[in-house]
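A short worksheet on the structure shown next.
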Amino acid sequence: MAAAGNNSSSMKECYENYILIDTGTNLTNKKFGRDLESVIKRATDAGVQKMIVSGSSMKSSREALRLAHIYPGTLYATAGVHPHDAKSWTDETLAELREVASCTECVAVGECGLDYNKDFSPPDVQQQVFEKQVKLACELKKPLFLHERNAHDDLIKILNKHIDSLPMVVIHSFTGTLAQVQTYVKMGIYIGITGYLCKDNSEDGVQSLLVAGHLPLENILVESDSPFMYPNARGSKLPATIKEALTERSLSFLQRYCTFQRNEPCCLPAIVEMIAAFLHKSPEDVALQTAFNALKVFGLS
């Protein structure tokens, strides 16, 4: 009888979980230290079956690949040089990046792109380094995992130069406008949505884009971007109807384990429920479609 009871409990938990894939988490960040295994366990308990660990420098790309080797089938890596670090690019970087990105467990080239918001690297250097990584993705036929801030036009210009051989493209942690999302969707680019959704309630913001149908579910990926982008589900900028759509289970993971200081991948059920509420769809459908999108883009198995 005890065995039957445990079985029943397991089945109940299985049905309560969504099928989720976190397409961008920074598990190499120093905020994830000795309890990394617990972080991953919490994520899988929340239904996050696979997580893609972002590489944004040669060091973090190698570390992401190391984690993917330790947790095969659960963690995957990306390999790239972030625009903030473009100034650190040397003559040896491309060969080193190719070596890491060529590994089976590495499923995308990036995080790379352009960032004119902080200009930690000069814009012309950012453009050169970004284009080298676009060419590498085309060569390896692996998706591009992109970062863009205040540089949309230049980013599109560089992508269009390689449009005939361009692989699938993901705009990581989207914070853009209606005009930008229309360009991305027209190009077949996928849009990563994070906890930024909670505070972006401007007329041209992510919440409005979802409600108006400008962000089709077929183009959406979900990502925690942990330890960043904490989804403040109790934030005043969320409509009451969205807050009411959050289930006790997703809030439990969010409120017990995630904070502004350190977000975790187990926040993903709450993000999916908010997206679903804005789209007037079931969270199960949003979870399933975004997971399917991730499987398709990154070739996960």
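As a test of the formula, what do you get for the chain when each DSSP H run with n ≥ 4 contributes -39,500 (n - 2.57) and the sum is divided by the residue count, at 222 nm and rounded to the nearest 500 deg cm²/dmol? Don't skip to the end; give the middle numbers.
Values: 12 runs with 133 residues, N = 301.
After summing the helix terms and dividing by residue count, I get -13500 deg cm²/dmol.
May I ask for the net charge around ASN150, where only other residues with Cβ less than 11 Å from the Cβ of ASN150 are counted and Lys, Arg are +1 while Asp, Glu are -1?
Once positives and negatives cancel, what remains is -3.
Round to the nearest 0.05 the FRET efficiency obtained for GLN182 and ASP45 when R0 = 41 Å and r is the Cβ-Cβ distance.
Calculated value: 0.60.
About the Cα centre of the chain, how large is the charge dipole given +1 on each Lys and Arg Cβ and -1 on each Asp and Glu Cβ? Please answer in debye to the nearest 20.
440
Once you list every other residue whose beta carbon is under 11 Å from the beta carbon of ILE70, what net charge do they have if Lys and Arg are +1 and Asp and Glu are -1?
-2
Under a point spin-label approximation (7 Å from Cα along Cα-to-Cβ), what is the HIS280-CYS138 distance to one decimal in nm?
In this crude spin-label approximation the distance works out to 4.2 nm.
Where does each of 124-133, 98-107 land if you order them by average Cβ count within 10 Å, highest first?
On the way: 124-133: 19.6, 98-107: 17.7.
Highest to lowest by the protection proxy: 124-133, 98-107.
How big is the dipole moment of the stretch 166-301 about its Cα centre under a simple scheme where the beta carbon of each Lys and Arg is +1, that of each Asp and Glu is -1, and everything else is neutral? Debye, nearest 20, please.
So the magnitude is around 180 debye.
Using only Cα atoms, find the angle between the long axis of helix 248-257 and the longest principal axis of the chain, and express it within 0 to 90 degrees, rounded to the nearest 10.
For helix 248-257, the angle is close to 60 degrees.
Per residue, how much accessible area does the chain have with a 1.4 Å probe, in Å²?
45
Ignoring ligands, DNA and RNA, what percent of the 1.4 Å accessible area of the chain is carbon and sulfur?
That share works out to 51 percent.
What net charge is computed for the residues neighbouring ASP225, neighbours being all others with C-beta under 13 Å from the C-beta of ASP225, Lys and Arg scored +1, Asp and Glu -1?
Neighbour charge sum, excluding ASP225 itself: -2.
What length, rounded to one decimal in nm, is gained on full extension from LYS87 through to LYS118, with 0.36 nm per residue of separation minus their alpha-carbon distance? Present the calculation step by step, with values, prior to reporting the outcome.
Numbers: separation 31, 0.36 × 31 = 11.16 nm, distance 1.33 nm.
Taking LYS87 through LYS118 to full extension adds about 9.8 nm, to one decimal.
Rounded, prolate or oblate: which fits the stretch 126-249, taking a ≥ b ≥ c as square roots of the Cα gyration tensor eigenvalues, rounded meaning a/c under 1.5, else prolate when a/b beats b/c? Walk me through the intermediate numbers first.
On the way: a/c = 2.30, a/b = 2.02, b/c = 1.14.
It comes out prolate by the Cα gyration axes.
Considering the options THR78, ILE189, ASN117, tell which one lies farthest towards the positive end of the dipole of the chain, charges being +1 on Lys and Arg and -1 on Asp and Glu at the Cβ, about the Cα centre.
Sorting the options by dipole projection puts first THR78.
Does the stretch 85-167 come out rounded, prolate or oblate by the C-alpha gyration tensor, with a ≥ b ≥ c the root eigenvalues, rounded set by a/c under 1.5 and, if not, prolate when a/b is larger than b/c and oblate if not? Don't skip to the end; give the middle numbers.
Working: a/c = 1.89, a/b = 1.29, b/c = 1.46.
Since a/c reaches 1.5 but b/c is at least a/b, the shape of the stretch 85-167 is classed as oblate.
Take each of the peptides 57-63, 47-53, 24-30, average the number of other beta-carbon atoms within 10 Å over its residues, and list them starting from the highest.
So the peptides 57-63, 47-53, 24-30, ranked by packing, come out 47-53, 24-30, 57-63.
Taking every pair of distinct Cα atoms and averaging 1/r, then inverting, what Kirkwood hydrodynamic radius in Å comes out for the stretch 37-113?
By the Kirkwood definition, the hydrodynamic radius is 12.7 Å.
The values are calculated or read from the model by the stated rules, or taken from the named source; none is laboratory data. Owing to the predicted nature of the structure, the values given are computational and were not obtained by experimental measurement. Methodologically, a virtual Cβ is constructed for each residue, glycine included, from the backbone with ideal geometry; neighbour enumeration extends over all protein chains shown. When the accessible area is computed, the model is the full protein with side chains, heavy atoms only, and any ligands, DNA or RNA have been set aside. Shrake-Rupley method; radii C 1.70, N 1.55, O 1.52, S 1.80 Å.
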